[in-house]
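Undergrad: Okay, handing you the structure first.
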């Protein structure tokens, strides 16, 4: 039967069946509302009224059999049978006059009351069935009939198992897993700022273990810094909170790009957000574009960094600084090239300079506009930001040989910074007798080195401390620093620990897609910006090769002169005549070196960027979206690290083992049970691979429960329940 369409806004508290029909339960009555208008009502205990209402809704075309089956918890064949009986027998056809007992004779009233109490307290259906002494199917059937009290009916009003959620998600009239039609309608009209999180009891939610990281994410300031930097997004179903949480959950679950959301059930991911489903790829992309357009990624990152420094100021006494090159594999745009060390190739790329704490946790990152070298970025970007973070306190910067510059060392030492780096260039070997074995325990680790030290003059009036390590192969590694207060073993240990930053880059590439492009947008670059002349660099390499060839010829000529038989060629003239070919090669090599030296002297040290790219448009990859996602990945890494440190206290031996265990926990399934009476959200984690992991999970849950974090946007306190430990 056709009906007149109205504004699709349902009454407050209505349980939506589809975009048209909703059910309102109030004071023991059930009302069926279509387009906001009541069309049928009956008592909650009236089973006949429910059957008749279901038939009427189908006959009026207000709902499909599949919609009513999920909402009323009736099998589709049952609805078909009721519809057929009404057509043939009338209303009396849905009145059951069955023989036998008229009530439950095994699942008595006392057992039903006990089961309702257990379910209200957050027990699962399986646990309640075991304690009461009935089958799980018995409780499920009683729940569907609404015979276990108001709270239990509310728990059974939505699917609780994966199969039921899957069926309901597939039947969504507005798309897969779309259930909150009223709020989405308001969002389309611009009347909803952001959908509030609403949780219903759900069993075996895929990726439910990711909620273990939520307290760490909140403690690190994800939402607070996001609100300070961005305020709020445009009115819509998905707001700033849902967007930031979704991006962080994606990083923790190893979803490298928004496009990978297409291969994961949106309804299951939506449970993590307290929504009916996760945003689609195009929706998440649109939110990213909105955030990017505001150009607040630097402020967002700065707010987080300031929070981290203020909470642990001692961790920034030593900072590791290093560049990471992100290759560009596209052909649409022409970018400046950079040396990619791990591939041993010079490729179009973008260089990012990362600053990490001494425990390898990331602090902030800046992008070089035209692949500037480390010294230029230290002067222009890194040092001002560090000074802003720590105030007037002295900070030690550790970096590799790329930052070698005695003039720079003297400059930053006067500004209140200390440096720690490897010595660059050739240097004479120290005698072995000056080295001594040094053993110590640093950061809980036992170290042993063969070390020696002395003071060296790197510039007139400026001296530095040089520490050398003698390796087993007799190689001497030279370290220079302005720190004179550190013990000699601390200097060596802190310098060699710079490899923790390299390990951080490798881990981020493998697990957090550090090199992945967020988008393909570019922006104009300054065409007059000068960079080191690559032609001069290539010519210097050719000149070194020519000088090496000349040196080999000179050595060969000297050997010929040394072995000259004077009895046959007593004069120099005779020797030159005999070695005419070698002499000619020497003159040609000398002439080539002179030509290259003259060309090298004429080339400018720096050239404008547009002189290198000919007529191509001078562009660079848009850094805003990349900066935003890199900041979120930094926060996700720090959240994972916080969980690893909690596990370390539980007996996990190494950091690698801890990170593998955390990944297993985050990817595990969990039951999500809202408990309104206790104002908490119970997250019941499913069992892991072995008892040892379950024991570690139990310790982690105990730690997280003590924090008493609330789920953002709600008044529910997060409570974690581990599986039983044998």
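Undergrad: Considering every residue within the range 94-107, establish whether at least one is outside any loop (DSSP other than H, G, I, E, B), at pLDDT below 80 and within 26 Å of residue 33 (Cβ to Cβ). Steps first, please.
TA: In the first step, residues of the range 94-107 are kept if they are outside any loop (DSSP other than H, G, I, E, B); the result is 94.
So of that shortlist, the ones also at pLDDT below 80 come out as 94.
Checking the rest, the ones that are also within 26 Å of residue 33 (Cβ to Cβ) come to 94.
The answer is yes, given that some residue of the range 94-107 is outside any loop (DSSP other than H, G, I, E, B), at pLDDT below 80 and within 26 Å of residue 33 (Cβ to Cβ).
Undergrad: Condition check: touching a strand residue (DSSP E or B) at 6+ places or on another chain (Cβ under 8 Å), more than 20 Å from residue 189 (Cα to Cα) and at pLDDT below 80. Does residue 41 satisfy that?
TA: Details: touching a strand residue (DSSP E or B) at 6+ places or on another chain (Cβ under 8 Å): yes; more than 20 Å from residue 189 (Cα to Cα): yes; at pLDDT below 80: no.
Spelling it out, it is not the case that residue 41 is touching a strand residue (DSSP E or B) at 6+ places or on another chain (Cβ under 8 Å), more than 20 Å from residue 189 (Cα to Cα) and at pLDDT below 80.
Undergrad: State whether one or more residues within the range 568-586 are surrounded by fewer than 11 Cβ atoms within 10 Å (Cβ to Cβ) and not in a helix (DSSP H, G or I). Outline the logic, then answer.
TA: Taking the range 568-586 first, the residues surrounded by fewer than 11 Cβ atoms within 10 Å (Cβ to Cβ) are 568, 571-573, 580-581, 584.
Then keep just the ones that are not in a helix (DSSP H, G or I); that gives 568, 571.
Yes, the range 568-586 has at least one match.
Undergrad: Additional query: Would you be able to say whether some residue in the range 10-23 is touching a helix residue (DSSP H, G or I) at 6+ places or on another chain (Cβ under 6 Å) and either surrounded by fewer than 17 Cβ atoms within 10 Å (Cβ to Cβ) or at pLDDT 85 or above (or both)?
TA: Taking the range 10-23 first, the residues touching a helix residue (DSSP H, G or I) at 6+ places or on another chain (Cβ under 6 Å) are 10, 16-19.
Among the residues that remain, those that are also either surrounded by fewer than 17 Cβ atoms within 10 Å (Cβ to Cβ) or at pLDDT 85 or above (or both) are: none.
There is no residue in the range 10-23 that is touching a helix residue (DSSP H, G or I) at 6+ places or on another chain (Cβ under 6 Å) and either surrounded by fewer than 17 Cβ atoms within 10 Å (Cβ to Cβ) or at pLDDT 85 or above (or both).
Undergrad: A further question follows. Look through the range 114-135, keep the residues that are in contact (Cβ under 8 Å) with a residue 12 or more places away in the chain and surrounded by fewer than 19 Cβ atoms within 10 Å (Cβ to Cβ), and return whichever of them is nearest to residue 671 (Cα to Cα).
TA: Ranking the qualifying residues of the range 114-135, first place goes to 121.
Undergrad: Of all residues in the range 347-365, count the ones that are within 18 Å of residue 318 (Cα to Cα) and part of a strand (DSSP E or B). Walk me through how you get there before you give the answer.
TA: Start the filter on the range 347-365 by keeping residues that are within 18 Å of residue 318 (Cα to Cα), which leaves 353-365.
When the remaining residues are screened for being part of a strand (DSSP E or B), the result is 353-357, 362-365.
The number of residues fulfilling the criteria is 9.
Undergrad: A further question on this structure: Counting only residues that are free of Cβ contacts under 8 Å to residues at least 40 places away in the same chain, give me the strands (runs of 3 or more DSSP E) lying completely in the range 400-491 with at least 3 of them. Break it down stepwise before answering.
TA: Details: elements: 417-422, 436-442, 445-459, 462-470, 476-481.
Hits in the range 400-491: 436-442, 445-459, 462-470.
Undergrad: Restricting to the range 119-139, name every residue that is within 23 Å of residue 718 (Cβ to Cβ) and in a helix (DSSP H, G or I). Steps first, please.
TA: Of the residues in the range 119-139, the ones within 23 Å of residue 718 (Cβ to Cβ) are 119-128.
Passing the criteria: 119, 120, 125, 126, 127, 128.
Undergrad: Give me the residue from the range 704-726 that is closer than 22 Å to residue 641 by Cβ and out of contact with any strand residue (DSSP E or B) (no Cβ under 9 Å at 6 or more places or on another chain) and, out of that set, surrounded by the fewest Cβ atoms within 10 Å (Cβ to Cβ).
TA: Filtering the range 704-726 for residues that are closer than 22 Å to residue 641 by Cβ and out of contact with any strand residue (DSSP E or B) (no Cβ under 9 Å at 6 or more places or on another chain), the one surrounded by the fewest Cβ atoms within 10 Å (Cβ to Cβ) comes out as 706.
Undergrad: Check every one of the helices (runs of 4 or more DSSP H) wholly within the range 168-263 and list those with 3 or more residues that are closer than 22 Å to residue 12 by Cβ and in contact (Cβ under 8 Å) with a residue 40 or more places away in the chain.
TA: 181-188
Undergrad: Restricting to the range 417-461, and then to whatever is touching a helix residue (DSSP H, G or I) at 6+ places or on another chain (Cβ under 6 Å) and exposed (fewer than 15 other Cβ atoms within 10 Å of the Cβ), can you tell me which residue is farthest from residue 379 (Cα to Cα)?
TA: 442
Undergrad: Return only the number of the condition from (1) under 20 Å from the mean Cα position of the chain (by Cα); (2) more than 23 Å from residue 362 (Cα to Cα) that residue 686 does not satisfy.
TA: With (1) under 20 Å from the mean Cα position of the chain (by Cα); (2) more than 23 Å from residue 362 (Cα to Cα) applied to residue 686, the lone miss is (1).
Undergrad: Among (1) farther than 25 Å from residue 223 by Cα; (2) surrounded by fewer than 18 Cβ atoms within 10 Å (Cβ to Cβ); (3) in contact (Cβ under 8 Å) with a residue 12 or more places away in the chain, where does residue 688 come up short?
TA: (2)
Undergrad: Does the range 34-55 hold any residues that are farther than 15 Å from residue 24 by Cβ and buried (at least 17 other Cβ atoms within 10 Å of the Cβ), and which are they?
TA: 51, 52, 54, 55
Undergrad: Restricting to the range 361-379, give me the number of residues that are modelled with pLDDT of 90 or more and either under 19 Å from residue 299 (Cβ atoms) or under 24 Å from the mean Cα position of the chain (by Cα) (or both).
TA: 6
To keep it simple, each residue is scored yes or no on (1) out of contact with any helix residue (DSSP H, G or I) (no Cβ under 7 Å at 6 or more places or on another chain); (2) farther than 27 Å from residue 198 by Cβ; (3) not in a helix (DSSP H, G or I).
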{"site": "634", "(1), (2), (3)": "yes, yes, no"}
{"site": "640", "(1), (2), (3)": "no, yes, no"}
{"site": "645", "(1), (2), (3)": "yes, yes, no"}
{"site": "668", "(1), (2), (3)": "no, no, yes"}
{"site": "684", "(1), (2), (3)": "yes, no, yes"}
{"site": "695", "(1), (2), (3)": "yes, yes, no"}
{"site": "699", "(1), (2), (3)": "yes, yes, no"}
{"site": "704", "(1), (2), (3)": "no, no, no"}
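The values are calculated or read from the model by the stated rules, or taken from the named source; none is laboratory data. In this text, all values refer to a predicted model and were calculated from it rather than measured experimentally. Note that each Cβ is placed from the backbone with ideal geometry, even for glycine, and that neighbours are counted across all protein chains shown.
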